[in-house]
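The values are calculated or read from the model by the stated rules, or taken from the named source; none is laboratory data. None of the values given here were measured: they were computed from a predicted structure. In this analysis, Cβ positions are derived from the backbone assuming ideal geometry, glycine residues included, and neighbour counts consider all displayed protein chains. Surface areas here come from the heavy atoms of the whole protein model, side chains and all, with no ligands, DNA or RNA. Shrake-Rupley method; radii C 1.70, N 1.55, O 1.52, S 1.80 Å.
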Amino acid sequence: MILNAQNWRKVEENGYGKRKASPREDRNIMTCAKKTPFISSAAIKNDLNLSMSTTTFRQRLIQAKSRARRSRKVTLSNKRQIQSRLLFAHEHAQWNERWCNVL
């Protein structure tokens with residue numbers, strides 16, 4: 001019984017054991033994620049040379065309220081482009097009937 005008491009280690013505050021990243025590394029993770037918001041978590045982990053799994057790294061981002069994002073390309077339309085698209089749509093509204101046998 002005494003041997004078990006000597007080998008017993010205190011569990012960290014979070015209940016899961018020692019954290020893989022220090023608070024400074026957590027700040028570096030968030031700084032890098034805010035600078036380049038559309039980079040993958042694995043790429044950030046490799047840039048910072050951290051010795052933790054990608055899953056643990058993602059958990060750090062989630063704990064810091066930083067969710068995964070995906071970039072979207074948005075076309076900027078002016079009035080002329082909107083009118084030409086609308087005209088094209090009206091002219092080709094019946095294409096479904098013409099092309100249904102091809103597909």
Completion exercise
Expected output for the stretch 37-48 (first residue closer than 15 Å to Arg60 by Cβ, partner in a helix (DSSP H, G or I) and charged (D, E, K, R), Cβ below 7 Å, 6+ apart or cross-chain) is Ser41/Arg58
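How many of the residues making up the stretch 35-69 are of a type in the set (Ser, Thr, Tyr) and within 12 Å of Ala21 (Cα to Cα)? Can you show your working first?
Step one: filter the stretch 35-69 for residues of a type in the set (Ser, Thr, Tyr), giving 36, 40-41, 51, 53-56, 66.
When the remaining residues are screened for being within 12 Å of Ala21 (Cα to Cα), the result is 51, 53, 56.
The number of residues fulfilling the criteria is 3.
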Practice task
Within the stretch 88-103, track down each residue that is open to solvent by 100 Å² or more (accessible area, probe 1.4 Å) and modelled with pLDDT of 80 or more.
Solution key: Phe88, His90, Glu91
Problem - Lone unmet requirement of (1) of a type in the set (S, T, N, Q); (2) surrounded by 10 or more Cβ atoms within 10 Å (Cβ to Cβ); (3) part of a helix (DSSP H, G or I); (4) modelled with pLDDT under 85 for Asn4 - result: (2)
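Just give me the residues in the stretch 57-73 being open to solvent by less than 40 Å² (accessible area, probe 1.4 Å) and not in a loop (DSSP other than H, G, I, E, B), in sequence order.
Taking the stretch 57-73 first, the residues open to solvent by less than 40 Å² (accessible area, probe 1.4 Å) are 57, 60-61, 66.
Phe57, Arg60, Leu61, listed by residue number.
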Practice task
Can you run down the residue pairs with Cβ atoms below 8 Å, 6 or more apart or on separate chains, where the first is in the stretch 85-100 and under 18 Å from Thr75 (Cα atoms) and the partner is in a helix (DSSP H, G or I) and among the polar types (S, T, N, Q)?
Solution key: none
